[in-house]
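Student: Can you read through this structure? Questions will come right after.
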Amino acid sequence: IAAGIIGLLACLFLSRAFLNKRHTRAIIMSDWRFTGAFLLACALLNTATLTFLGPNTDSLCLLRMWVFHFFYALVFSPLFVKTYRMMRLVGNASIRRVTITHRQTAIYCIPIVAAQLVILIVFSI
């Protein structure tokens, strides 16, 4: 439990520090929106340890499964999409300029989270 709370506080501290420094060149180049989403999702993932408090009931067991796996998908979807975006921008063999907006990148996060949601629904039935 202590590790989850410490992790939550550390992620919130890093999110706040990251937000305060978002106008510096290094943070701007790191695409602060998705890195910030990653840090906030990490804070949520740390709260998943708090579901281990209390008795082992069917509903609490289901909540444990949902919270951990859903927040896990929320953590890694911005990272996977940022990696894909960089591959498309930098790994482009043609001379043509490729533009991927922040909105397109955010939309690319949806299938990862939606797939996890479908998996959780299937296993909850």
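Student: Dipole of the range 34-125, Cα-centred, from +1 at each Lys and Arg C-beta and -1 at each Asp and Glu C-beta, to the nearest 20 debye?
Tutor: Numbers: 7 positive and 1 negative charges, 125 e Å.
Rounded to the nearest 20 debye, it is 600 debye.
Student: Mind telling me which of Ile107, Ile27, Ile95 comes out most flexible in a GNM of the chain, alpha-carbon contacts under 10 Å?
Tutor: Among Ile107, Ile27, Ile95, the largest GNM mean-square fluctuation belongs to Ile95.
Student: Right, another one. Where does the charge balance sit around Leu40 when Lys and Arg score +1, Asp and Glu -1, over other residues with C-beta under 13 Å from its C-beta? Could you put the intermediate results ahead of the total?
Tutor: Values: positive: Arg16, Arg33; negative: none.
Spelling it out: positives minus negatives among the neighbours equals +2.
Student: Be a star and scan the range 35-55 for residues whose amide nitrogen sits under 20 Å from the point 7 Å along the Cα-to-Cβ vector of Ala2.
Tutor: Correct set: 46-54.
Student: For the range 45-109, with all protein chains present and a 1.4 Å probe, just round the carbon and sulfur fraction of the accessible area to a whole percent.
Tutor: Details: 3090 of 4580 Å².
Roughly 67 percent of what the probe reaches on the range 45-109 is carbon or sulfur.
Student: I would also like to ask the following. Which trypsin sites (Lys or Arg not before Pro) in the range 1-101 sit in a loop by DSSP (not H, G, I, E or B) and have at most 11 other Cβ atoms within 10 Å of their own Cβ?
Tutor: Details: sites: Arg16, Lys21, Arg22, Arg25, Arg33, Arg64, Lys82, Arg85, Arg88, Arg96, Arg97; in loops: Lys21, Arg22, Arg96, Arg97.
Answer by residue number: Arg96, Arg97.
Student: Excluding ligands and nucleic acids, what accessible area in Å² is computed for Cys61 using a 1.4 Å probe, to the nearest 10?
Tutor: In the full protein context, Cys61 sits at about 80 Å².
Student: So with the 1.4 Å probe, I'd like the accessible area per residue for the chain, rounded to whole Å².
Tutor: Details: 8670 Å² over 125 residues.
For the chain, the solvent-accessible area averages 69 Å² per residue.
Student: Would you mind checking the tilt of helix 58-90 against the longest principal axis of the Cα atoms of the chain, expressed as 0 to 90 degrees and rounded to 10?
Tutor: In the chain, helix 58-90 runs at an angle near 10 degrees to the longest axis.
Student: What label, among (i) 1.10; (ii) 1.07; (iii) 0.98, belongs to Rg/Rh (Cα atoms, Kirkwood Rh) computed from the structure on display?
Tutor: Comparing each candidate, only (ii) matches the computed number.
Student: Provide the gained length on full extension for the span Arg97 to Val118, in nm with one decimal, where the gain is 0.36 nm per separating residue minus the Cα-Cα distance. Write out the running numbers ahead of the final one.
Tutor: Values: separation 21, 0.36 × 21 = 7.56 nm, distance 3.58 nm.
Computed gain between Arg97 and Val118 is 4.0 nm.
Student: Can you tell which of Leu9, Ala43, Ile28 lies farthest toward the positive end of the dipole of the chain, using +1 and -1 charges on the Cβ of basic and acidic side chains (Lys, Arg; Asp, Glu)?
Tutor: My answer, from the dipole projection, is Ile28.
Student: Enter the accessible area of His102 (Å², nearest 10), with the probe set to 1.4 Å and all protein chains included.
Tutor: 70 Å²
Student: Could you tell me which residue out of Leu60, Gln116, Tyr84 lies farthest along the dipole of the chain toward its positive end? Charges go on the beta carbon: Lys and Arg +1, Asp and Glu -1, centred on the Cα centre.
Tutor: Looking along the dipole axis, the top candidate is Tyr84.
The values are calculated or read from the model by the stated rules, or taken from the named source; none is laboratory data. Computed from a predicted structure; not experimentally measured. Please note: Cβ atoms are built from the backbone with ideal geometry, for glycine as well, and neighbour counts cover all protein chains shown. SASA here: full protein model, heavy atoms, side chains in, ligands and nucleic acids out. Shrake-Rupley method; radii C 1.70, N 1.55, O 1.52, S 1.80 Å.
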